[in-house]
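For reference, the structure discussed in these notes is given below.
The values are calculated or read from the model by the stated rules, or taken from the named source; none is laboratory data. The shown structure was predicted, so the numbers you read here are calculated from the model rather than taken from an experiment. No Cβ is skipped: glycine too gets one built from the backbone with ideal geometry, and neighbour counts run over all protein chains shown.
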């Protein structure tokens, strides 16, 4: 590849004092991509370093970036900066996206967008320097939501039973909950307290909803079902022994050791490893073939629709 999409020229920008609605209207002008078009653009980037393909992939997902960034407005940072950081995450997602795996770019990119925005928020909040581990980051981004659920919205320390409940829910220590709450509670106010002198805006207007919208939930569920069905179909190409070893070594949260499998089949550990590698390669080939067939089928369906839209 000749370059990497760390920056993409020609992207719309939103300045700190810019008009958000104007920006949102501008990014809506970029067309959404069909699955087959997205696949071919991603292939052009990975195989030929096509910067134009990168530009189309990124701009077609700017609405997704803005939607995710809007969910983090409650942390008091300029929305322009959150969107900018989300766009950086989007570019990283395009850089690492592997279209052969059979899922859509948006599903993969959501993780990178959120991660980029969350890292920026943690870095920007001077009062939170403890959010370095995955558990602490999870605590930081969920503490206020959980406090709201258990009606703990006042200043001061949490009740012991509330500390225990939050610590159990997020799988962190009770001390972490107490310390994080103290660091974040300095700015807590009544949810109905005005944020402007004219009294038209209240703190509750800035609360975020961390849950995904219904369309994202349905899309992700459909995508997961599709990937599972492709994996199940691909595994049909394996022999019974290959399927067992592949399942035990690649699909379990706690993989079985080569030693244990070698005893089960009466072969050496090296032989088990070879079978595992061969099975994995067969599954990869099968999934690539299925993805190609899906793309061809979608392309034909699109052609039929264009020829006879009714």
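Inside segment 128-230, counting only helices (runs of 4 or more DSSP H) that do not spill past its ends, which hold 1 or more residues that are under 25 Å from residue 108 (Cβ atoms) and modelled with pLDDT of 75 or more?
Working: elements: 134-149, 160-170, 174-184.
Result: 134-149.
Quick check, is residue 261 surrounded by 15 or more Cβ atoms within 10 Å (Cβ to Cβ) and either closer than 23 Å to residue 105 by Cα or out of contact with any helix residue (DSSP H, G or I) (no Cβ under 7 Å at 6 or more places or on another chain) (or both)?
Taking the combined requirement at face value, the residue does not satisfy it.
Is it the case that residue 71 is at pLDDT below 90, over 19 Å from residue 112 (Cα atoms), out of contact with any helix residue (DSSP H, G or I) (no Cβ under 8 Å at 6 or more places or on another chain) and surrounded by fewer than 21 Cβ atoms within 10 Å (Cβ to Cβ)? Can you show your working first?
Details: at pLDDT below 90: yes; over 19 Å from residue 112 (Cα atoms): no; out of contact with any helix residue (DSSP H, G or I) (no Cβ under 8 Å at 6 or more places or on another chain): yes; surrounded by fewer than 21 Cβ atoms within 10 Å (Cβ to Cβ): yes.
Answer is no for this residue.
Residues that are more than 16 Å from the chain's Cα centre (by Cα): which helices (runs of 4 or more DSSP H) entirely in segment 42-98 hold 1 or more of them? Outline the logic, then answer.
Working: elements: 51-59, 62-70, 79-96.
Filter on segment 42-98 gives 51-59, 79-96.
Quick one: would you say residue 290 is surrounded by 14 or more Cβ atoms within 10 Å (Cβ to Cβ), farther than 24 Å from residue 102 by Cβ and not assigned by TED's automatic domain parsing to the domain that holds residue 36?
Against the criterion (surrounded by 14 or more Cβ atoms within 10 Å (Cβ to Cβ), farther than 24 Å from residue 102 by Cβ and not assigned by TED's automatic domain parsing to the domain that holds residue 36), residue 290 does not qualify.
Condition test on residue 263, is it assigned to a helix (DSSP H, G or I), within 30 Å of residue 37 (Cα to Cα) and modelled with pLDDT of 85 or more? Let's see the steps before the verdict.
Details: assigned to a helix (DSSP H, G or I): yes; within 30 Å of residue 37 (Cα to Cα): no; modelled with pLDDT of 85 or more: yes.
Criteria not met by residue 263.
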